[in-house]
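**Q** Here it is, the structure, as structure tokens.
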Amino acid sequence: MKPSRPQRTRPAEPRPATQTAERIQKWLAGAGLGSRREIETWISEGRIRVDGLPATLGQRLTGREQVTLNGQPLVLKAQAAPRVLIYHKPDGEVTTRHDPEGRPTVFQNLPRLKGARWIAIGRLDVNTSGLLLFTTDGALAHRLMHPSHQILRSYAVRVLGEVSDAVLARLQEGVMLEDGPAAFESLTDEGGDGANHWYRVSLGEGRNREVRRLWESQGVVVSRLIRVGYGPIALPPGLRRGQSMELTPAQFAPLYQAVGLTGPVETPRPQRTRPGRPGTPKPPRESATLPSRRRPPTRAK
């Protein structure tokens with residue numbers, strides 16, 4: 001019997017490396033594994049290891065390392081293009097992935113992703129409706145929520161009864177809350193009928209229930225609160241409660257500009273060319289009118 005020939009095996013393909021090393025927090029956050037703060041906590045707790053050694057804050061990755069989280073390997077794939085989603089949150093939903101009380105969450109109505117996850121940019125309490133932004137880019141979410149960037153959040157507020165000019169002035173000058181001073185960046189009267197009155201207000205931070213607590217500090221009852229804007233993004237008037245809408249790179253580029261990040265570049269579609277000679281533009285269509293044919297002269301007999 002002839003000896004069996006050894007089977008040929010293909011060598012393992014090396015992992016693609018990035019052109020420049022990225023910090024581990026940015027890489028893992030960009031992959032949708034969690035926010036930068038969560039990942040920094042995991043690193044401090046020793047739950048993330050790189051090539052068998054505990055990861056360190058600020059450690060840089062090239063994409064060729066073996067990274068594990070709680071002993072489970074992570075695949076360092078090339079980061080996909082970021083995505084941004086607008087969601088019109090209705091009353092009664094909580095801004096969390098899992099609620100111990102069994103209440104509906106905002107994540108239940110979002111489109112599903114493969115190889116990434118939606119990260120909520122800020123929160124809205126259960127009784128507040130309106131604009132919620134989601135992204136797959138952890139770095140973008142972190143900067144948009146950080147108080148140092150002072151991204152304006154705009155709200156439509158309905159209150160019961162009339163409010164004096166003195167109260168409106170105090171709300172803009174600043175009042176002391178239990179977690180420090182607070183004030184509205186802007187406050188405009190939007191009118192109203194009967195006992196209800198509408199105002200439009202904006203804040204440069206996102207402390208817990210801050211809009212409601214500011215009004216309540218002046219003895220004013222808020223009967224309805226809707227977030228209508230987050231930085232350069234406004235709630236589309238045609239987007240119904242419980243619906244979402246994904247933005248194009250051109251539409252969410254202002255978010256990157258607002259926090260000093262370089263956003264994705266939208267590649268223009270190539271123009272259609274005439275088959276045959278590449279790059280040759282298609283000539284204009286000729287007129288469908290055919291030239292008249294002259295009859296040949298007849299010979300004399």
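The values are calculated or read from the model by the stated rules, or taken from the named source; none is laboratory data. A quick note: this is a predicted structure, and the numbers were derived from the prediction, not measured. FYI the Cβ positions are ideal-geometry reconstructions off the backbone, even for glycines, and counts take in every protein chain you see. Protein only, heavy atoms only, side chains kept; ligands, DNA and RNA dropped before computing areas. Shrake-Rupley method; radii C 1.70, N 1.55, O 1.52, S 1.80 Å.
**Q** Looking at segment 118-138, is at least one residue without any contact (Cβ under 8 Å) to a residue 12 or more places away in the chain and polar (S, T, N, Q)?
**A** Within segment 118-138, none of the residues are without any contact (Cβ under 8 Å) to a residue 12 or more places away in the chain and polar (S, T, N, Q).
**Q** Name, by its number, the condition in (1) in a strand (DSSP E or B); (2) open to solvent by 10 Å² or more (accessible area, probe 1.4 Å) that does not hold for PHE134.
**A** (2)
**Q** Looking only at segment 157-216, which residues are open to solvent by 20 Å² or more (accessible area, probe 1.4 Å), under 25 Å from PRO232 (Cα atoms) and assigned to a strand (DSSP E or B)?
**A** ARG158, SER186, LEU187, THR188, ASP189, GLU190, GLY191, TRP198, ARG200 - these are the residues of segment 157-216 that are open to solvent by 20 Å² or more (accessible area, probe 1.4 Å), under 25 Å from PRO232 (Cα atoms) and assigned to a strand (DSSP E or B).
**Q** Only one residue in ARG212, ARG207 is more than 14 Å from the chain's Cα centre (by Cα) and modelled with pLDDT of 95 or more, so which one is that? Outline the logic, then answer.
**A** Working: ARG207 fails: modelled with pLDDT of 95 or more.
Going through ARG212, ARG207 in turn, just one is more than 14 Å from the chain's Cα centre (by Cα) and modelled with pLDDT of 95 or more: ARG212.
**Q** Return the pair list, or none, for Cβ contacts closer than 7 Å from residues in segment 219-243 that are farther than 17 Å from VAL106 by Cα and outside any strand (DSSP E or B) to residues that are among the hydrophobic types (A, V, I, L, M, F, W, C) and open to solvent by 30 Å² or more (accessible area, probe 1.4 Å), at least 6 apart or on different chains.
**A** So the pair list comes out as VAL221/LEU160; GLY231/LEU152; GLY231/ALA258; PRO232/ALA258; PRO236/MET245.
**Q** While we're here: Would you check if LEU53 is over 29 Å from PHE184 (Cα atoms), over 22 Å from the mean Cα position of the chain (by Cα) and open to solvent by less than 20 Å² (accessible area, probe 1.4 Å)?
**A** Against the criterion (over 29 Å from PHE184 (Cα atoms), over 22 Å from the mean Cα position of the chain (by Cα) and open to solvent by less than 20 Å² (accessible area, probe 1.4 Å)), LEU53 does not qualify.
**Q** Shifting gears a bit: Hey, does segment 24-40 have a residue that's without any contact (Cβ under 8 Å) to a residue 60 or more places away in the chain and hydroxyl-bearing (Ser, Thr, Tyr)?
**A** Among the residues of segment 24-40, not one is without any contact (Cβ under 8 Å) to a residue 60 or more places away in the chain and hydroxyl-bearing (Ser, Thr, Tyr), which makes the answer no.
**Q** Just one of LEU171, LEU214 is over 19 Å from LEU124 (Cα atoms), hydrophobic (A, V, I, L, M, F, W, C) and touching a residue at least 40 places away in the same chain (Cβ under 8 Å); which is it?
**A** LEU171
**Q** Right, here's the next one. Considering every residue within segment 146-154, establish whether at least one is open to solvent by 40 Å² or more (accessible area, probe 1.4 Å), of a type in the set (A, V, I, L, M) and modelled with pLDDT of 95 or more.
**A** Residues of segment 146-154 that are open to solvent by 40 Å² or more (accessible area, probe 1.4 Å), as a first pass: 146-150, 152.
Among the residues that remain, those that are also of a type in the set (A, V, I, L, M) are: 152.
Subsequent filtering for residues that are modelled with pLDDT of 95 or more retains 152.
For segment 146-154, residues open to solvent by 40 Å² or more (accessible area, probe 1.4 Å), of a type in the set (A, V, I, L, M) and modelled with pLDDT of 95 or more: present.
**Q** Could you check, for segment 66-73, whether at least one of its residues is at pLDDT below 95, surrounded by fewer than 18 Cβ atoms within 10 Å (Cβ to Cβ) and closer than 30 Å to LEU132 by Cα?
**A** yes
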